[in-house]
1. All but one of (1) at pLDDT 95 or above; (2) touching a Pro at 6+ places or on another chain (Cβ under 8 Å) hold for residue 78, so report the exception by its number.
2. Check 131, 136, 103 and return the single one that is aliphatic (A, V, I, L, M), within 25 Å of residue 1 (Cα to Cα) and touching a Lys or Arg at 6+ places or on another chain (Cβ under 6 Å).
3. Of the numbered conditions (1) closer than 23 Å to residue 132 by Cβ; (2) among the hydrophobic types (A, V, I, L, M, F, W, C); (3) at pLDDT below 95; (4) surrounded by fewer than 16 Cβ atoms within 10 Å (Cβ to Cβ), residue 64 satisfies every one except a single condition; which is it?
4. Starting from residues that are among the hydrophobic types (A, V, I, L, M, F, W, C) and outside any helix (DSSP H, G or I), keep the ones in the stretch 111-131 and report whichever is farthest from the chain's Cα centre (by Cα).
5. Of everything in the stretch 1-53, what is out of contact with any Ser or Thr (no Cβ under 6 Å at 6 or more places or on another chain), surrounded by 13 or more Cβ atoms within 10 Å (Cβ to Cβ) and farther than 23 Å from residue 85 by Cβ? Give them in sequence order.
6. Taking the stated definitions as given, is residue 108 part of a helix (DSSP H, G or I) and within 30 Å of residue 40 (Cβ to Cβ)?
7. Identify all residues within the stretch 96-105 that are in a loop (DSSP other than H, G, I, E, B), touching an Asp or Glu at 6+ places or on another chain (Cβ under 6 Å) and buried (at least 16 other Cβ atoms within 10 Å of the Cβ); write none if there are none.
8. Of 156, 93, 136, which residue is modelled with pLDDT of 90 or more and either more than 28 Å from residue 39 (Cβ to Cβ) or surrounded by fewer than 23 Cβ atoms within 10 Å (Cβ to Cβ) (or both)?
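The values are calculated or read from the model by the stated rules, or taken from the named source; none is laboratory data. Quick caveat, the model's predicted, so the values are computed rather than measured. Here Cβ is always computed from backbone atoms with ideal geometry, including for glycine, and neighbour counts include all displayed protein chains.
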Amino acid sequence: MKGEFSRAAIAIIIAIVLDGLDGRIARMTGTTSKFGAEYDSLADLVAFGVAPAILSYTWALSTFGRWGWLASFLFVVCGALRLARFNIQIGIIESKVFNGLPIPAAASVVATGTLLFYFLGGVGQLNHPAILIGTIALSLLMVSSVKYYSFKDLNIFSRKPFMSFVLIVVILIIVIAEPQIMLFTFAFGYSISGPAWTLTKIARRKSVKRSEEQSQETKSKGWFV
């Protein structure tokens, strides 16, 4: 709120890293509890709901007046609903996917987008409708039924082919070389991967249905002849 937007964005990214570690550490040390799970959701709402909303509002949305604070408020509300729905769907939804955009992923788009703006030479506040539209889109994706890959079945420490190891090293080098660009690319890419995956499945389903209809039509014509 003092205008130190880059430092705020970095703090959110650090919180995302810590959020990926806290559950694993609790399981490794045998200190999991129901209280810890609920407290984790509260911390997520503050770090990935309230903080990005304040950042996006003070950085870019305040210039839009009422629409700006409504978009920020929508981000917080949808983030809270996303967390509540996630908590009640544990064990119901397949663990390989998330139902809706995870709130840390939505926060990462806001944070990395801010860092990218200043990396590209931006100064002060940003006044562009794309931020308003993007904030609303991220909010709606969080409460949608669009499926996202959870990476929970991805075992980084398992034995992998040599070329996979080389690819991981190359990606790490690129991220270290251009962190602002690459982090935003990963965050934005993941946010649109859900809708892209959904559209691909719909198109594939329609293609299979069309092929079946054409096959049945060909059989019926052959039988008629």
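1. The failed condition is (2).
2. The conditions single out 103.
3. Every condition holds for residue 64 apart from (4).
4. Only one residue tops the list, namely 123.
5. 6, 8, 10, 11, 13
6. Numbers: part of a helix (DSSP H, G or I): yes; within 30 Å of residue 40 (Cβ to Cβ): yes.
In short, yes.
7. Correct list: empty.
8. Values: 156 fails: modelled with pLDDT of 90 or more; 93 fails: modelled with pLDDT of 90 or more.
Every option except 136 fails the conditions.
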